[in-house]
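Beneath this line is the structure, given in structure tokens, with notes to follow.
Since every read-out is calculated from the coordinates, none of them should be taken as a lab result. Small disclaimer: the values here were computed from a predicted structure and weren't measured. Positions of Cβ are generated from backbone atoms using ideal geometry, with glycine treated the same way; all protein chains shown enter the neighbour counts.
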Amino acid sequence: MSPRRKAAAAVAALVLVAVAWALAGRPGGTGGDGARSYWTYDLSVATGEAPPRIAAEGCAPFFDDDSATPYRPPAPALDSFDRAVLRACGPIRGRATPAEFEALILDHMASIRPRLPARLRRLDDRAIHRRLAEIWLGRDGFDHIFCGEWEKGRIGGLHFRGRYLQLQREGTACFRATDRLELEPGLIYTIGVASADGAEFSPIKGYGLAQSALDVLALGTAGFAACCAPGRGWLPYRDRFSRQVFVPSDEAGPGIMNRLICGADDRTGAAGAALVTLFPDASPREDYPECRF
């Protein structure tokens, strides 16, 4: 081989190494779990572009078109941000990595920015992402609310309508009738949920049928900014301090209140404050304060 060809081959080899190295550090690349990456996760079943997978026998759906099953409404339509959130969550028991969250926010900044509080809207894209990461990742609020937390036989969170549709179509989670069902038709659905393999179960989970992923992100961000600022009202809870309030939301429905819980490391909320959970509540408790903004 001539010196020129040897040099060209060496350059080509270096390029391949560099590409492989870059992909190894990126979810969905050769070093990531491509099965549940924001960049590569196949949502064709979840979005109806591919046939739904057959769930286990007796695994009732979350959505159907039967008027005789009021706790199982017709399936909602998913928009582009809904689908992106589901891609970040991945399959059942999936969680979004910080890199996936960053890509999710930056890829959809044009839709997100107008829905943020004025103080946040004025920041540049990177600063907005950093602040949203503090709010939504600091205490795993994003995974809890949008993806659900599936561990030790229980299901935590799971308050996004699109996640229910995804898990139904992928055949991995089921509706369960319990004695704690609650309903605000077309608005709030409080139901029992189980994984299709029976590993996890919760008698009471809930979501807002009218709330898109962007609605939830916007409400959680604005609610945190307005209602969880450092100051009074933070109470001890387990190994941290929490602030629990009810916030209204036009998107959730007229008169519907959403329970918002923030966590912090100290009693003033000045250290480590972040969003813990957010969901529409069909039976709001009177002992939690209301926070309007």
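Annotations
- Chain lengthening between GLU290 and THR178 when straightened (0.36 nm per residue, less Cα-Cα): 37.4 nm
- Each residue of the range 229-240 was assigned a 3J(HN,Hα) from its phi angle through the Karplus expression (A = 6.51, B = -1.76, C = 1.60, θ = phi - 60°), giving 5, x, x, 8, x, 8, 10, x, 8, 6, 9, 9 Hz with x at Gly and Pro.
- Anisotropy class of the chain from Cα gyration tensor, a/c 1.5 cut: oblate
- Here the calculated FRET efficiency for PHE201 and THR69, from their Cβ-Cβ distance with R0 = 25 Å, stands at 0.80, rounded to the nearest 0.05.
- Taken over the range 139-247, the percentage of Cα pairs per 10 Å bin, counting from 0 up to the bin with the maximum distance, is 13, 40, 33, 13, 1.
- Residues whose placed amide H lies under 5 Å from that of VAL193, excluding near-sequence neighbours: ARG176, SER202, ILE204, LYS205
- For the range 100-124 versus the range 160-185, the spacing of their alpha-carbon centroids is 29 Å.
- Of GLU149, GLU200, GLU49, the residue with the greatest mean-square motion in the GNM of the chain, using alpha carbon springs below 10 Å, is GLU49.
- A simple charge model with +1 on the Cβ of Lys and Arg, -1 on the Cβ of Asp and Glu and nothing else charged puts the dipole of the range 195-293 at about 320 debye relative to its Cα centre.
- Extending 7 Å from Cα along the Cβ direction at MET109 and again at ASP124 yields two label points whose distance is 0.9 nm.
- Projecting the Cα atoms of GLY171, ALA103, CYS147 onto the dipole axis of the chain, where Lys and Arg carry +1 and Asp and Glu carry -1 at the beta carbon, places ALA103 farthest toward the positive end.
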